[in-house]
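Report on the following structure.
The values are calculated or read from the model by the stated rules, or taken from the named source; none is laboratory data. Keep in mind that this is a model prediction, so the values were computed, not measured. Cβ sites come from the backbone with ideal geometry, for glycine too, and all protein chains shown count toward neighbours. In case anyone asks, the SASA skips ligands and DNA or RNA and just uses the protein heavy atoms, side chains included. Shrake-Rupley method; radii C 1.70, N 1.55, O 1.52, S 1.80 Å.
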Amino acid sequence: MSLTATATAFAPNIIAKSSKNIPEHERNPLRLAFIGTGLMGGQNMNVLLNMLKQQCVAVCDVDTQYGKKNQLKYAPNAQVFIDYREMFEKLDGKIDGVVISTPDNSHFSIAMTALKYKVPAYVEKPLCYSIGQTRILTEAATKAGIATQMGNFVHSANGIDYVREWVDAGAIGEVKEVFAWTCRPIKGCNQTPKGWDFWPKPDPIPPTLDWDKWLNITEYSDYYDEIVPLNWRRFFKFGSGSLGDIGCHILDVPITAFDLPAPTSVKVRQRGGTSICVPLQDEVQYYFPTSKFNKPLKITWYSGVMQPDEYGNFPAGYDKSFLPPLPKEFTDTKRTYRHLSNDGMFIVGTEGVIYSPVMHLRGRPVLLPKKREIELKTILDERTKKYKTTDHRLNFVEGIKGNVKKCNSDFSVAGPLTETVQLGNVALQLNKDIVWDCKNMKCKGEPKADLYINPPMRKGWY
């Protein structure tokens, strides 16, 4: 046998062997479209294209300059669009999935358009800008029967499983209450709210921005530099504040781990909020009528949490009454507010506390007192050893390919979570405590709430 013949004979085996080393999700990569290519859009592009080796066939952004950087970086050969409606129409049948990373006010219309074209959709959190939009989209997704996912990464991690299993094992006794918080909007990647009581004189619209398409279904308003590109979350007309931003991550843990239904009432207080801008600090108390423990449960949310300086002083005007209470198990470790994490949660029980010191609880939380964790370590490790963290966007890819029955944060899961989060924003905008009728989407005795539950929408966007 010649050397050439020998090489040819063995080549198929070599190829077959090497192909086995290619991860399943990289074989036959999906044709993805990305709508919104800025901050979070760029992160999603990086993971799905660079790390997970999927293909990008189209990018869509209403700002040709702002979105161009990530488009050129991650998908230089993709088709470029400004209008997602044109993109879906021209590429009908040529897109396997879409990733929507736009401001809150346009999530609903873009996702509904994706469902119309039967394109699996990944939507950043919160799922929608309002409760009414969320309910419609959730029901439409169920009827469409295609893969969907909301970008609350915790739901593909094992942090929820740790909390569930530790509580079930009696690690903290009986759960009494949950306190959750974020440093935003005072700290974080976006700017601090301006506290506007009225809209000032508008700014000129940048030549690279299609402002009308940015507004999407939102009723027309003037352009302001303070809104675009990053500060829209601080204005109720376009975003959902710190609660809609970070609450979808942190509150997902107790809501899922404890099988909580829709809350029946919400109590609020705030500092610095107006009819236009979200508060600087707020406290939102959710009352759930039952739980997996067959008992009611209260979760209290705090925005604008800060740590004092080395002398124990807070910035001028800061209201310390909006700080979450520190459990004894936490202060017994010689820690004070100075040591409190920027984002986190205390699950307080009769015999201990589970402390999550992060925005995304993707792994093992902290059990206090520490001696409790030492005593129960073997039991707790045994209960949680089967759980693993999965990349949330990989889970979406697997959902499209049919490798999982449904995505971890399918809209049927993400919808109710988003409704709970946005209910807090309804109460904040009313600046009143509310009693909630979930089935009929009504705040009892508060007809004005309908404006926030089902805000008016411009037609023609989906």
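For region 232-281, enumerate the residues that are closer than 24 Å to V175 by Cβ, assigned to a helix (DSSP H, G or I) and either of a type in the set (G, A, S) or modelled with pLDDT under 95 (or both).
G247, A257
Each row is one residue, and each column tells you yes or no for (1) surrounded by 20 or more Cβ atoms within 10 Å (Cβ to Cβ); (2) among the small types (G, A, S); (3) modelled with pLDDT of 95 or more; (4) outside any loop (DSSP other than H, G, I, E, B).
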{"residue": "S321", "(1), (2), (3), (4)": "no, yes, yes, yes"}
{"residue": "L326", "(1), (2), (3), (4)": "no, no, yes, no"}
{"residue": "K334", "(1), (2), (3), (4)": "no, no, yes, no"}
{"residue": "S341", "(1), (2), (3), (4)": "no, yes, yes, no"}
{"residue": "V348", "(1), (2), (3), (4)": "yes, no, yes, yes"}
{"residue": "E351", "(1), (2), (3), (4)": "no, no, yes, no"}
{"residue": "L361", "(1), (2), (3), (4)": "yes, no, yes, no"}
{"residue": "L367", "(1), (2), (3), (4)": "yes, no, yes, yes"}
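Here's a check for you: in region 406-429, which residue that is open to solvent by 20 Å² or more (accessible area, probe 1.4 Å) and not charged (D, E, K, R) is nearest to T274 (Cα to Cα)?
Of everything passing the filter in region 406-429, Q429 is nearest to T274 (Cα to Cα).
Name the residues in region 195-215 that are touching a strand residue (DSSP E or B) at 6+ places or on another chain (Cβ under 6 Å) and outside any strand (DSSP E or B), would you?
Those that are touching a strand residue (DSSP E or B) at 6+ places or on another chain (Cβ under 6 Å) and outside any strand (DSSP E or B): G195, W196, T208.
Suppose we filter E382, E446, E398, E419 for residues that are free of Cβ contacts under 8 Å to residues at least 24 places away in the same chain, within 26 Å of N158 (Cα to Cα) and not polar (S, T, N, Q); which single one remains?
E382
Pull up region 34-60, narrow it to residues that are over 20 Å from the mean Cα position of the chain (by Cα) and among the hydrophobic types (A, V, I, L, M, F, W, C), then point me to the one that is most open to solvent (accessible area, probe 1.4 Å).
Applying the filter and picking the extreme gives M51.
Being open to solvent by 20 Å² or more (accessible area, probe 1.4 Å), in contact (Cβ under 8 Å) with a residue 24 or more places away in the chain and touching a strand residue (DSSP E or B) at 6+ places or on another chain (Cβ under 8 Å) is the filter here; which residues of region 72-100 pass it?
Result: Y74, I82, D83, K94, D96.
So which of L260, L215, L251 ends up being closer than 22 Å to D63 by Cβ, hydrophobic (A, V, I, L, M, F, W, C) and under 24 Å from the mean Cα position of the chain (by Cα)?
None of the others qualify; the one that does is L215.
Please state which one of D168, D210, D197 is touching a residue at least 24 places away in the same chain (Cβ under 8 Å), within 26 Å of P289 (Cα to Cα) and surrounded by fewer than 24 Cβ atoms within 10 Å (Cβ to Cβ).
Working: D210 fails: within 26 Å of P289 (Cα to Cα); D197 fails: within 26 Å of P289 (Cα to Cα).
Every option except D168 fails the conditions.
Run down V228, V175 and say which single residue is more than 19 Å from the chain's Cα centre (by Cα), more than 29 Å from V358 (Cβ to Cβ) and in contact (Cβ under 8 Å) with a residue 40 or more places away in the chain.
V228
Just checking, how many residues over region 129-160 are over 23 Å from I246 (Cβ atoms) and open to solvent by less than 30 Å² (accessible area, probe 1.4 Å)?
4
Taking G399, is it modelled with pLDDT of 95 or more, within 23 Å of T256 (Cα to Cα), open to solvent by less than 10 Å² (accessible area, probe 1.4 Å) and not aliphatic (A, V, I, L, M)?
On the way: modelled with pLDDT of 95 or more: yes; within 23 Å of T256 (Cα to Cα): yes; open to solvent by less than 10 Å² (accessible area, probe 1.4 Å): no; not aliphatic (A, V, I, L, M): yes.
Judged against the criteria, G399 is not a match.
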